[in-house]
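Visitor: Here it is, the structure in full.
The values are calculated or read from the model by the stated rules, or taken from the named source; none is laboratory data. Please read these numbers as outputs of a predicted model, since none were measured by experiment. Cβ placement follows ideal geometry from the backbone for every residue including glycine, while neighbour counts extend to all protein chains displayed. All accessible areas refer to the heavy atoms of the entire protein, side chains included, with ligands and DNA or RNA removed. Shrake-Rupley method; radii C 1.70, N 1.55, O 1.52, S 1.80 Å.
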Amino acid sequence: MRPILMKGHERPLTFLRYNRDGDLLFSCAKDHTPTLWYADNGERLGTYRGHNGAVWCCDVSRDSSRLITGSADQTAKLWDVKSGQQYFTFKFGSPARSVDFAIGDKLAVITTDPFMERTSAIHVKRISEDPEDQTADSVLVLESPEGRKRINRAVWGPLNQTIVSGGEDAVIRIWDSETGKLLKESNVEDGHKKTITSLCKAADDSHFITGSLDKTAKLWDMRTLTLIKTYISGVPVNAVSMSPLLNHVVIGGGQDASAVTTTDHRAGKFEAKFYDKILQEEIGGVKGHFGPINALAFNPDGKSFSSGGEDGYVRLHHFDSDYFNIKI
């Protein structure tokens, strides 16, 4: 499995997202410029210029026509995927950390960081069919109980009925997306012990996985918030993803960015580790990044995956045939 090394960002990667067809890959980094790549050969298609700060997150609509990005410049922007033009900017008083389109792409959930006197919040915005009709109004704003702690990720639950969030207070919360009521919280026994860095849904929205700085990733039932599995990584987890094809979970991480310069680059455990989803056993790893892995994504066909690192590279891996026959 020879990786394709994709150079295009000059700062650390923050997020990777495939479109639904699996032919396009969107990458976000701290260099202000989300980038679009062909997912089969790693060729760079173009960039989305307009942000004035690190871009933390992105999502692409089901028909691959529009992109939403959230940035440290305190905005979330809507873009035309094909032309690269931005057609709307949501302005907040604090950095936009996470963005996620609802099923049907008529709504988006955006989380904002605590900043100055503002607390962290989850905003639900309506996305219009026609860009001309787009407004900045929030349909719903959810204030986090732990307002001074950042919400790192919020995604839509099954049928857009709920919103699932996780962040620095290490608690996963499920909210009613109609009323804004808090429905469930993860408990102290099952839950993470440190900041939740990442959250990834299964293709069918039945379960999701979270990664944390407590060196574990956990698999949860999306409706009941029951803990199903725990995967022990040995290093702080920055990114998690699940194979849509096989029962595999991939986990990436490494030391904190602040600690990296103090160690030899070979000493850091910068590999994407694969685990059997059910048996919780590690089944293999893919090395290659010269810094912690900050982003992971599986292609929707399950035949390739990509990783983005603190080193500014995106590495695209197409699996060999023997990967599909791994037996434990």
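Visitor: Find the residue count for the stretch 39-63, including only residues that are open to solvent by 30 Å² or more (accessible area, probe 1.4 Å) and assigned to a loop (DSSP other than H, G, I, E, B).
Guide: So the answer is 8.
Visitor: Another question, then. One residue is enough: does the stretch 109-124 have a residue meeting the conditions of a type in the set (Asp, Glu), touching a residue at least 12 places away in the same chain (Cβ under 8 Å) and open to solvent by 30 Å² or more (accessible area, probe 1.4 Å)? Walk me through it before giving the result.
Guide: The first filter runs over the stretch 109-124 and keeps only residues of a type in the set (Asp, Glu), leaving 113, 117.
Of the ones still in play, those that are also touching a residue at least 12 places away in the same chain (Cβ under 8 Å) are 113.
Then drop every residue that is not open to solvent by 30 Å² or more (accessible area, probe 1.4 Å), which leaves none.
There is no residue in the stretch 109-124 that is of a type in the set (Asp, Glu), touching a residue at least 12 places away in the same chain (Cβ under 8 Å) and open to solvent by 30 Å² or more (accessible area, probe 1.4 Å).
Visitor: Can I ask one more? Which of the residues that make up the stretch 70-99 are of a type in the set (S, T, N, Q) and open to solvent by 10 Å² or more (accessible area, probe 1.4 Å)?
Guide: 74, 75, 83, 85, 86, 89
Visitor: Among the residues of the stretch 174-206, how many are touching a Gly at 6+ places or on another chain (Cβ under 9 Å), assigned to a loop (DSSP other than H, G, I, E, B) and of a type in the set (D, E, K, R)?
Guide: 1
Visitor: Identify the residue in the stretch 132-154 that is under 13 Å from residue 90 (Cα atoms) and in contact (Cβ under 8 Å) with a residue 40 or more places away in the chain and, among all such residues, is surrounded by the fewest Cβ atoms within 10 Å (Cβ to Cβ).
Guide: Across the stretch 132-154, the extreme among qualifying residues is 136.
Visitor: Determine whether residue 67 is modelled with pLDDT of 95 or more, open to solvent by less than 20 Å² (accessible area, probe 1.4 Å), over 21 Å from residue 245 (Cβ atoms) and touching a Gly at 6+ places or on another chain (Cβ under 6 Å).
Guide: no
Visitor: Could you check, for the stretch 159-173, whether at least one of its residues is open to solvent by less than 20 Å² (accessible area, probe 1.4 Å), of a type outside the set (Asp, Glu) and assigned to a loop (DSSP other than H, G, I, E, B)?
Guide: yes
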